[in-house]
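What follows is a short report on a single structure.
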């Protein structure tokens, strides 16, 4: 596996590779790889030569968030990538964001849901993803649906700027308990994971209510909030919207999505469930 740390070298590698008319699949990550990342990489390999990046992006962390203690395991990450036969790891130096004065902002979609609780988060996400796209120049890029709002914003950015990259969504991978795979799950001990497993179960129960005929978004979200609080969670939000994240104020429909964020003790979790 080739490890590239310099921006100029990564740009040269990608451009030389594209001369062969082969396709580049790209999986941007912040490291501490888990089975969710493995699913992204396996999906990427079906589309083209796969490049994985690891960079803990300071631009997307707000004040008081866990940037300084975000989980790291570069040796373990390299082993996983080697086992997956990933040909290139882009491990950029911090100068990829140093002295950044220009930011990518989507003022409408960044103020919803996560944006209400993490005001500069999506500005940081979109800016670093655009930087990575400019360096790697991928044909395809892969993002997990656990971070559904992020996926929608990145897809919209690629469309708005006519980027030559197709954004591919990948289904959420879950632990046996039902918790969506996340690098931050390391903050939960065994008992914490057992308690947090109620999060996904409650969202699934809410989706079951919809299947049984309940169409009122107020009643559905009200049920979810009540159950989450009953199980000891602090609720940041539970909302039902269409897949484009345009809120609805009447009845819910098949294909809509429940998006939620909760806090269990000091750990913040997000998840979502589609209504089918």
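The values are calculated or read from the model by the stated rules, or taken from the named source; none is laboratory data. Note that the structure is a prediction, hence the values are computed from the model and not measured. For neighbour counting, all protein chains shown are included, and Cβ atoms are generated from backbone atoms with ideal geometry for every residue, glycine included.
Data overview
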item	result
Residue under evaluation residue 107, criteria (1) modelled with pLDDT under 95; (2) within 16 Å of the chain's Cα centre (by Cα); (3) not in a helix (DSSP H, G or I), criterion not met	(2)
Subset of region 15-30 that is at pLDDT 95 or above and farther than 18 Å from residue 121 by Cβ - its residue that is surrounded by the fewest Cβ atoms within 10 Å (Cβ to Cβ)	23
Hits in region 72-116 - residues which are under 23 Å from residue 272 (Cα atoms) and surrounded by 14 or more Cβ atoms within 10 Å (Cβ to Cβ)	106, 109, 110, 112, 113, 114, 115
Hits in region 167-200 - residues which are out of contact with any strand residue (DSSP E or B) (no Cβ under 7 Å at 6 or more places or on another chain) and in a loop (DSSP other than H, G, I, E, B)	171, 173, 175, 176, 177, 178, 179, 182, 189, 197
Filter pass, residue 71 being more than 18 Å from the chain's Cα centre (by Cα), more than 27 Å from residue 247 (Cβ to Cβ) and outside the structural domain of residue 187 (by TED's automatic domain parsing)	no
Residue that is out of contact with any helix residue (DSSP H, G or I) (no Cβ under 9 Å at 6 or more places or on another chain) and touching a residue at least 24 places away in the same chain (Cβ under 8 Å), where the choices are 23, 11	23
